[in-house]
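In what follows, a single structure is set out as structure tokens and then discussed.
The values are calculated or read from the model by the stated rules, or taken from the named source; none is laboratory data. For clarity, every value in this text was computed on a predicted model and none was experimentally measured. Cβ atoms come from the backbone with ideal geometry, glycine included; neighbour counts cover every protein chain shown. These accessible areas exclude ligands, DNA and RNA; they are computed on the full protein's heavy atoms, side chains included. Shrake-Rupley method; radii C 1.70, N 1.55, O 1.52, S 1.80 Å.
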Amino acid sequence: MAAGAAALTFPRPGKAAIVSPKLTLILIAEQFRSDYLFRNFNSFNASGFRRLMDESAFFPDCRLLSSSFTLTGLATIATGSYADMHGIVANRWYESAGGKLKVATPSDLEVTTLFQQEFDPANRFFAIAAAESKARLFHPQATSGIFFRKPDSTFASLATAATPEPSWFSTFNQTNAAEKFQNRAWVAHGAPSGTPPLRNLVYDAAKPENFHALLASSPFAQSAEINLVRDLIHNESLGVNSSDTVAAVLDSIGKLGSETGAVSPLIDDEVLSLDADISSLLEWLDARGQSYQIVFTAAHGAPSEPATTSRVAPGEIVAAVEAALSTEFAKDNAGLRFVEAYVYPFLYLRTEHVPPAELPRARQIAGNAALATRRVAGFMTADGYCPGFSDWNQRARNSLYRRRSGDVLLSYKPGFVEYAGVDRGISYGSLWNYDTQVPLLMKGPSFAPERFDHMVELIDIAPTLAAVAGVPPPAACSGRVLTEAFGEGVS
């Protein structure tokens, strides 16, 4: 994202209160429920999340009104549109044409992002994430300024002959080397000496990948990401002679959440560690003396760890659908198979076994068969059919994109998650509020320090930041400018 400067004047909301700071910092936790701020409020220090809540336009009820996978949420933030437009319906989906599972990549993004609005070549954009694909999702055409973590826990940068790795970057990796955390005890934040650790980051030379997985979901990895944000801003002199943007995806709490569920002592401690990291970051930004704005939000929330009986085996869904469709369309040929693939939450049918005119009905039969398992709360077909009418319908519709989302979208009952072969952990992606409600905090010279309890959406972030920068919103953006954040009331 770049400010328009003299090259472009774009209408802005409000009267004369909008100020475009030289530095925009966007922190996106991979998963972070709004209730984390309130459940841990009394344990926060005054200069971290408490300060951010006090000095920001604070929206505790920001919604991702679609399926809530990580890449879906990140694409929604970047484009100001839902998956029905940007195309990233999940972290992965099934491709019937190739008969294989497809992992989402930045090249699958079907629309432009806010950060591709390059009106002044002097302005720069940088992205930080655990994976290159997550970082490049904000700017798919970027050839530099992309930082990501490798499997050995070191960070790498997207470099070319024209834009080599920055000279300061090797020093950063040495300072934050993974070896320093081998066999490190993860002790609760602020706990007195001698307190038993919450977890030990055990290193086994025979299985180093286990250690790196533990490190990646720890507050130590989270702090390294914040350190990279600070080193990047300092060493590249961001926001000094140009208007620059950094987007950082804090993925550690997302990895931890998939292991423990939304509520656990480990999650609470990681939130408190992030509180301390934000406190030190804000203090450092203030001392730097350059104008800045900071946005904090999340790609999605998370469900709590479910009971064993609330884990859904995909085979159970497939068997029910096969039985129903076989009864209707294969009375004389019991060997036919009607389900090509089931990749939660999308069901893909073998349409060659169904007369074209009967396909809409076949999809409805499949959805109703899934409902009959008592594991599924609702469904929507590719034709837009959904039994019943509610806010859920629009969330489902926002999640569908031609071909990628298959024939039927299924929604498990609240609290139910995909069974992944072990009786622990959770799956992201549902349409329910615990997965889709996140906080949004926007602090900067343009934003009024006030709490707003009405619902806003993740698609509103891009047009609001575009308004501050004085540039048009992304081409497919369907969100609104949060004029109330400027102290001007709801538009």
Worksheet item: Over the stretch 349-491, what is the mean sequence separation of C-alpha contacts under 8 Å (at least six apart), divided by residue count, expressed as relative contact order in percent?
Response: 15 percent
Item to complete: Would you mind checking which residues have amide H under 5 Å from R350's amide H? H placed 1.01 Å from N; only 5 or more apart, or other chain.
Response: V339, E340
Discussion item. Please report the carbon-and-sulfur percent of the accessible area for the stretch 123-204; probe 1.4 Å, protein heavy atoms only, DNA, RNA and ligands left out.
Written reply: 53 percent
Item to complete: Name the residues whose placed amide hydrogens come within less than 5 Å of the amide hydrogen of R199, ignoring near sequence neighbours (fewer than 5 apart) on the same chain.
Response: W186
Worksheet item: Taking Rh as the Kirkwood radius computed over C-alpha pairs, what is the Stokes-Einstein D of the stretch 126-247 at 10 °C in a medium of viscosity 1.306 mPa s, expressed in µm² per second?
Response: 100 µm²/s
Discussion item. Considering all projection directions equally, how large on average is the shadow of the alpha-carbon convex hull of the stretch 92-140, in square nanometres?
Written reply: 4.3 nm²
Discussion item. What's the magnitude of the charge dipole for the stretch 368-430 around its Cα centre, counting Lys and Arg as +1 and Asp and Glu as -1 at the beta-carbon? Answer in Debye, nearest 20.
Written reply: 80 debye
Item to complete: Report the net charge of residues surrounding S427, where surrounding means a beta-carbon distance below 10 angstrom and charges are Lys +1, Arg +1, Asp -1, Glu -1.
Response: -1
Discussion item. Apply the Karplus curve 6.51 cos²θ - 1.76 cosθ + 1.60, θ = phi - 60°, to the phi angles in the stretch 25-37 and return the couplings in whole Hz, x for Gly and Pro.
Written reply: 10, 10, 9, 10, 6, 4, 9, 6, 7, 4, 5, 4, 5
Worksheet item: In whole angstrom, how long is each semi-axis of the equivalent ellipsoid of the chain, when you take the square root of 5 times every eigenvalue of its Cα gyration tensor and sort them from largest down?
Response: 38, 27, 22
Worksheet, complete the sentence: Among the Cα-Cα pairs of the stretch 356-454, the proportion with separation greater than 18 Å, in percent, is 59 percent
Discussion item. I'd like the trypsin sites (Lys or Arg not before Pro) in the stretch 329-392 restricted to DSSP loop residues with at most 16 other Cβ atoms within 10 Å, sorted by number.
Written reply: K331, R337, R350, R374
Response to the item:
Computed about the Cα centre, the charge dipole of the stretch 393-491 from +1 Lys/Arg and -1 Asp/Glu charges at the Cβ has a magnitude in debye, to the nearest 20, of 380 debye
Item to complete: Express in Å², to the nearest 10, the accessible area of T195 obtained by rolling a 1.4 Å probe over the protein heavy atoms while all chains stay in place.
Response: 50 Å²
Discussion item. Could you give the length gained by full extension between R92 and A191, i.e. 0.36 nm per residue of separation minus their alpha carbon distance, to one decimal place?
Written reply: 31.6 nm
Fill in: Dipole magnitude of the chain, debye to nearest 20 (Cβ charges: Lys/Arg +1, Asp/Glu -1, about Cα centre)
420 debye
Worksheet, complete the sentence: Net charge (Lys, Arg +1; Asp, Glu -1) of residues whose beta-carbon lies under 13 Å from that of L359, L359 excluded, is -2
Worksheet item: For the chain, what are the DSSP H helices with axial Cα length of 20 Å or more and mean Kyte-Doolittle hydropathy of at least -1.0?
Response: 219-235, 265-288, 314-329
Discussion item. For a Förster distance of 56 Å, can you work out the FRET efficiency between the beta-carbons of S167 and Q394, rounded to the nearest 0.05?
Written reply: 0.65
Worksheet item: Over the stretch 112-237, what is the relative contact order in whole percent, taking alpha-carbon pairs under 8 Å and six or more residues apart?
Response: 16 percent
Worksheet entry | For A247, residues with placed amide H under 5 Å, excluding near neighbours | I26, F126, A127, I128
Item to complete: Treating cross-link reach as a plain straight distance, find the lysines whose alpha-carbon is under 22 Å from the alpha-carbon of K180, omitting any fewer than eight places away in the same chain.
Response: K150, K207, K255
Discussion item. Sort H234, H454 by heavy-atom solvent-accessible area, probe 1.4 angstrom, most to least.
Written reply: H234, H454
Worksheet item: With point charges of +1 on the Cβ of Lys and Arg and -1 on the Cβ of Asp and Glu, referenced to the Cα centre of the chain, which listed residue (A276, A122, A159) lies farthest in the positive direction of the dipole?
Response: A159
Worksheet entry | In Å², nearest 10: area of K255 left accessible to a 1.4 Å probe | 70 Å²
Worksheet item: What whole-number value in Å² describes the accessible area per residue of the stretch 412-481 for a 1.4 Å probe?
Response: 34 Å²
Discussion item. Using DSSP to call loops (not H, G, I, E or B), can you name the trypsin sites (Lys or Arg not before Pro) in the stretch 401-438 whose Cβ has at most 16 other Cβ atoms within 10 angstrom?
Written reply: R402, R403, R424
Discussion item. 7 Å from Cα along Cα→Cβ at both T327 and N368: what's the point-to-point distance in nm?
Written reply: 1.0 nm
Worksheet item: For the stretch 247-330, what is the accessible area per residue in Å², given a 1.4 Å probe and the full set of protein chains?
Response: 28 Å²
Item to complete: Kindly sort M53, M455, M380 by accessible area of their heavy atoms, largest first, with the probe set to 1.4 Å.
Response: M455, M53, M380
Item to complete: If a/c stays under 1.5 just call it rounded; otherwise compare a/b with b/c (prolate if a/b is bigger, oblate if not). Do that for the stretch 353-404, with a ≥ b ≥ c from the square roots of the Cα gyration tensor eigenvalues.
Response: oblate
Discussion item. Under 8 Å for C-alpha pairs, at least 6 residues apart: give me the relative contact order for the chain, rounded to a whole percent.
Written reply: 32 percent
Item to complete: With a bin width of 5 angstrom, please list the P(r) values of the stretch 394-441 as percents of all Cα-Cα pairs, from the 0 bin to the one holding the largest distance.
Response: 4, 16, 23, 21, 19, 12, 4, 1
Worksheet item: Using a 1.4 Å probe, how large is the accessible area of E328, given in Å² and rounded to the nearest 10?
Response: 70 Å²
Worksheet entry | Theoretical ellipticity at 222 nm over the chain - DSSP helices of four or more residues, -39500 (n - 2.57) apiece, nearest 500 | -8500 deg cm²/dmol
Fill in: Leading residue at positive end of dipole, the stretch 316-444 (Cβ point charges), from P387, G429, V343
G429
Worksheet item: Between E352 and D35, what length in nm is gained on full extension when 0.36 nm per residue of separation is reduced by their alpha carbon distance?
Response: 109.4 nm
Worksheet item: Where does each of I461, I365 land when they are ordered by accessible area, with a 1.4 Å probe and the largest first?
Response: I365, I461
